[in-house]
Each structure stands twice: as C-alpha cells, then as structure tokens.
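Enquirer: What follows is a single structure, and I will ask about it in a moment.
The values are calculated or read from the model by the stated rules, or taken from the named source; none is laboratory data. No experiment lies behind these values; they were computed from the predicted model shown. With ideal geometry, Cβ positions are generated from the backbone for all residues, glycine too; neighbour counts draw on all protein chains shown.
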Amino acid sequence: MKPVDLVISGGRLVSPDAIASQSIAVDAGKIVGIGTTEQMPPAREQIDANGLYVLPGAIDVHVHFREPGFAHKETWTTATQAAAVGGITTVFDMPNTNPPTSSVEALVQKIAIAERQAIVNFGIYGNIGEHNRDQLKPMVEAGAVSFKLYMGSENPLVPCPPDGAILDAFDVLAGLGIRCTVHAENTPILMWRGERLIRSGRRDAAAHLEQHSDIATIEAVSRTAIFSEWTGCKVHIAHESTRHSLPHIRFAKQRGVDITVETCPQYLFLSTDDGARLGPNFLRVKPPVREPGHKEPLWQALVEGTIDILSTDHAPHLREEKLRDPIWDCAPGFPGVETSMRLMLTEVSRGRLTLPQYVRMACSAPAKAFGLYPRKGTLAEGADADIVLVDMNKREIIKADRLHSIGNATPYEGFEVTGAPVRTIVRGKTVAMNGQPIGEPGWGRNVARVS
Ligand code: DOR
Ligand code: ZN
C-alpha cells in the first residue's frame, strides 16, 4: 500500500449518533480512510490516540476577530491561535470591523488579512446595509461565506437597515440560496429605551438589561421568521439569550421556516448573579446575560435541538474597556473561542449532555446550516481532515493570562474544567498541541472557496 501523510490510531471517533473505536488515514489534507488499525495504510506521521476521543474540528459561525480596525483588541493571528488551542478549526468572522465588510472592496481587504495570518480555516460575513443591495451577489462571487444582518444595532459602522431594505436583501439572498445570520433585536426599542434611561441619569449595569429587554429579542426573532417565510431566505438567529424566544422559534420551525438558531456559553454558564463576582459592568454583552432563570431552558433547548448550534460570539476587548463606567461606556462582549470546548466538555463529564450531542451542535449542525457539510463537520472519507483530539480526563483552571487573545478578559476566570482539546489538526496539519499554537500563519483557508 502507498504511504499516506498521517494515520491517527487507537482513538474513539465521535459522530452525532455514535462513538466507535476506529483509526483515520489522512492524505493531502483529506480523510482517505476510516477503519481498524490493521486496515490502515503505512504513514509518514503516526498519532497514537489511545485514551483520547477524536472529534471533527468545531465550527464557530460567530466570531469578531477585529481586523481591520481594532487590532489593539485582537489580530487574526492571536484569534486563530486561540481558536486552534480551543479545538475550533473553522470560524466565520462578523462584519463590524472598520471599514465594515459592506462592499466587495472591504471584503477583499479582510480576506487578504485573514489569508496572511489565519492558522485555522475561516469564512467572512458580508454586512447587509441600507444601500448595498447591489454588492451582495458580487460579495458572494468575491468569497463571502454568508451575510450578517444587524437588526438590533447601536453601532454606526453597521446600522440596522429599514425593514423594506431587509426584505429586498432577503429576496436577493433567497435567490442565491444563502443563509443570513441575524442579530435579532428591535433597534427602535433599543434606541428609545437607551435614550430614556440615559436622560433619567441611569448609569448602572441593570440599565443595560432594561434597555435590552427580552421583548426586543422576541419581536425581532419573530419578525425574522416571518420575513424568512415570506421571501424564502434561509435565516440563522445569532446568540439566543432568552427563554422567551423559544416558543416563537418552535412555532417557526413547526410551520416549516428554514431557521437555525445558535446560543453561546455566556448564556448557558452565566447570569446576572455573576455580576457580584466579576463586577456588574464587566458582564455587559449584547444581547445581555440575563437573570438566572434563562440558563436551564436554553440548555434544554440546545440539548433537544430547538437551538441547533453552539457558537461563541468571540468579542474580545481590553480589560480597561470592559471595566469602564457608566455602563454605556463599557465595551460589550467576551473572548470565547479558547474556552468554549473546555466548558462544554466539563458539562459532558457532569452528564448534562453527551459527546455525540456536542459534536452535533458544535460541528455537524453548523456545517449543514452553512453548506459546508459533508466537506466539513464530520469524520468521513472524503471530508477535510479538520480533527480535534480530546482528553476527557484533563483538568485545568481557566486563567485570562494563559489565553492567546489580546483582549483576554474572560468571565470564566478560575473555572475548573474537566476535558480539553489536546491536539487540533487543520487539513491534515497539527496547528495546536497541549495548549500551544504551532500552526503557520497563512495555513487557514477561506471555506467559501473550495480549496
Ligand atoms: O456584545 C457584543 N459585542 N454584541 C455585538 O453585537 C457586537 C460585539 C462586539 O463586536 O464587540
Ligand atoms: Zn457578535
């Protein structure tokens, strides 16, 4: 038999429906065989995965990697190093950079930055604006993986378009068969309440929660589903934060709307109770971390599949930006790509979910939702060799100063985790090992282009 590049033997392979002891042969960046150790061809590199689980690399469809424009918070090098160490092999980057990714020109600029620096694969979101409908198809042709709609926005770089423009954009994306990711909050509610709260002198953390009341999300989730149903544009709800959305999501799915939904670790592991530990302003994120009663229903919805996908909304800021006062000046969001898998594996070890369920929400469901399956998101012959080896016995304590992001202000400081990615492989090449990134900047590919 002709030798291949790599054989990973002795591990337990995890798919959404099973765990099986099998070996994997990899050649030219692809999985070329799965079977018993005896069936494996000779290989130039051997990895002994005895005692480890072998998962498809995680696909995070919601990250903010900050370049161009905000390199003091994060660069594509540091962010993809953090992702690689965290077991994530593909990321989709959001368009709220400077310039925002609202034109072919801005998209081409961002792809060039990512191509130079990334050590994991990437997709780039185009932004849906009020005036860029003519750019949507050209952006797809230039390599955009999908589009982001800031339906809830206070950011002048990516303002919320009027509903008429949203419908027009959805018509275009329906024709292209592209799913649109939506930040589902109602902008007029955010603006009205924000101004009223500021005028009345509020500057405390609770005012942020009042501004971003559940109703702003519920309304926008429902409107997104209705616009999707009317136009035929597939949609994806970003960062679901409230249990009050769940009946509306279920109703949309029951009537056949092509809607997928994600949530993130901050809505599963944190609540307003964590304000005391972290300092109340530190918790600021949009949409907000809410009262404790939301976590359990969101977990249930994720495990049963009403919420399809686990993403991170990796949104790093400097610590001093997170500690600002009043609350309106505090930068919203947290880093997430390096800690997400560890947090979730800890819950696997506690019995809250199974490894196959984790693979479904973190690997196969995102690949299916965004048209990458079965090239990515699964361990199967012919798939890209994006693979993560997991040690379920590894115990660690999360510490901000050990994370690779520049904006490393994690809300999980001091969390004891059980289970960790110990080796991350992107297209057949190891890019991180035992907590250290070793990939070459430039190894990451744009997944919107078949490499
Ligand atoms: O909390 C957030 N942070 N929500 C967003 O929508 C944007 C993000 C960021 O870019 O910092
Ligand atoms: Zn985001």
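Enquirer: Would you check which residues across the stretch 243-269 are surrounded by fewer than 24 Cβ atoms within 10 Å (Cβ to Cβ), at negative phi and in a loop (DSSP other than H, G, I, E, B) and list them?
Expert: Correct list: ARG255, VAL257, ASP258.
Enquirer: Could I ask something else about it? Checking ILE387 against (1) within 16 Å of ligand 2 (Cβ to nearest atom); (2) over 20 Å from TYR267 (Cα atoms), only one condition comes out false. Which one?
Expert: (1)
Enquirer: With respect to THR346, is the statement that it is more than 16 Å from ligand 2 (Cβ to nearest atom), more than 18 Å from ARG12 (Cβ to Cβ) and of a type in the set (Val, Ile, Thr) true?
Expert: When the stated conditions are applied, THR346 passes them.
Enquirer: Let me confirm something: among ALA142, ALA71, which residue is within 22 Å of LEU318 (Cα to Cα), of a type in the set (A, V, I, L, M, F, W, C) and more than 13 Å from ligand 1 (Cβ to nearest atom)?
Expert: Going through ALA142, ALA71 in turn, just one is within 22 Å of LEU318 (Cα to Cα), of a type in the set (A, V, I, L, M, F, W, C) and more than 13 Å from ligand 1 (Cβ to nearest atom): ALA71.
Enquirer: Can you tell me which residue among PHE269, PHE282 is in contact (Cβ under 8 Å) with a residue 12 or more places away in the chain, of a type in the set (Phe, Trp, Tyr) and over 22 Å from ASP329 (Cα atoms)?
Expert: The unique qualifying residue is PHE269.
Enquirer: Please work out if PHE70 is in a loop (DSSP other than H, G, I, E, B), under 25 Å from VAL359 (Cα atoms) and touching a residue at least 24 places away in the same chain (Cβ under 8 Å).
Expert: no
Enquirer: Which one of these does VAL172 not meet: (1) free of Cβ contacts under 8 Å to residues at least 40 places away in the same chain; (2) within 16 Å of ligand 2 (Cβ to nearest atom); (3) closer than 26 Å to ASN446 by Cα?
Expert: Status for VAL172: all satisfied but (2).
Enquirer: Which ranges mark the strands (runs of 3 or more DSSP E) fully within the stretch 121-193 that have 1 or more residues being of a type in the set (Lys, Arg)?
Expert: Because the criterion is at least 1 residues that are of a type in the set (Lys, Arg), the strands (runs of 3 or more DSSP E) in the stretch 121-193 that meet it are 146-150.
Enquirer: Any residue that is in contact with a Lys or Arg (Cβ under 9 Å, 6 or more places away or on another chain), within 26 Å of THR260 (Cβ to Cβ) and modelled with pLDDT of 95 or more - is there at least one of those in the stretch 19-26?
Expert: yes
Enquirer: I'm trying to understand the selection: among the residues of the stretch 67-76, which are within 15 Å of ligand 2 (Cβ to nearest atom) and in contact with a Phe, Trp or Tyr (Cβ under 8 Å, 6 or more places away or on another chain)?
Expert: Hit for the stretch 67-76 is GLU74, nothing else.
Enquirer: While we're here: Just checking, which of GLN135, GLN117, GLN81 is in contact with a strand residue (DSSP E or B) (Cβ under 6 Å, 6 or more places away or on another chain) and in contact (Cβ under 8 Å) with a residue 24 or more places away in the chain?
Expert: Step by step, each of GLN135, GLN117, GLN81 is checked, and only GLN81 is in contact with a strand residue (DSSP E or B) (Cβ under 6 Å, 6 or more places away or on another chain) and in contact (Cβ under 8 Å) with a residue 24 or more places away in the chain.
Enquirer: For a quick check of your reading of the model, give me the residue pairs whose first member lies in the stretch 432-451 and is in a loop (DSSP other than H, G, I, E, B) and charged (D, E, K, R), whose second is surrounded by fewer than 12 Cβ atoms within 10 Å (Cβ to Cβ) and at pLDDT 95 or above, with beta-carbon atoms closer than 6 Å and at least 6 apart or on different chains.
Expert: Pairs found: none.
Enquirer: Moving on to the next point. With the requirement that a residue be in contact with a helix residue (DSSP H, G or I) (Cβ under 6 Å, 6 or more places away or on another chain) and away from ligand 2 (no atom under 16 Å from the Cβ), what does the stretch 214-241 give you?
Expert: ASP214, ILE218, SER222, ALA225, PHE227, THR231, GLY232, CYS233
Enquirer: (1) touching a Phe, Trp or Tyr at 6+ places or on another chain (Cβ under 7 Å); (2) crowded, with 21+ Cβ neighbours inside 10 Å: which one isn't true of LEU323, the others all being true?
Expert: Against the list (1) touching a Phe, Trp or Tyr at 6+ places or on another chain (Cβ under 7 Å); (2) crowded, with 21+ Cβ neighbours inside 10 Å, LEU323 comes up short only on (2).
Enquirer: While we're looking at this one, here's another question. Surrounded by fewer than 16 Cβ atoms within 10 Å (Cβ to Cβ), in a helix (DSSP H, G or I) and small (Gly, Ala, Ser): is that true of ALA220 in this structure?
Expert: It is false that ALA220 is surrounded by fewer than 16 Cβ atoms within 10 Å (Cβ to Cβ), in a helix (DSSP H, G or I) and small (Gly, Ala, Ser).
Enquirer: Check the stretch 77-95 and report whether any residue there is away from ligand 2 (no atom under 16 Å from the Cβ), more than 20 Å from LEU343 (Cβ to Cβ) and assigned to a loop (DSSP other than H, G, I, E, B).
Expert: No, every residue in the stretch 77-95 fails to be away from ligand 2 (no atom under 16 Å from the Cβ), more than 20 Å from LEU343 (Cβ to Cβ) and assigned to a loop (DSSP other than H, G, I, E, B).
Enquirer: Now for a different question. Any residue in the stretch 42-63 that is in contact with an Asp or Glu (Cβ under 7 Å, 6 or more places away or on another chain), under 27 Å from GLU320 (Cβ atoms), in contact (Cβ under 8 Å) with a residue 12 or more places away in the chain and not aliphatic (A, V, I, L, M)?
Expert: yes
Enquirer: How about the stretch 108-135: which of its residues are crowded, with 24+ Cβ neighbours inside 10 Å and more than 28 Å from LYS30 (Cα to Cα)?
Expert: Matches in the stretch 108-135: GLY126, ASN127, ILE128.
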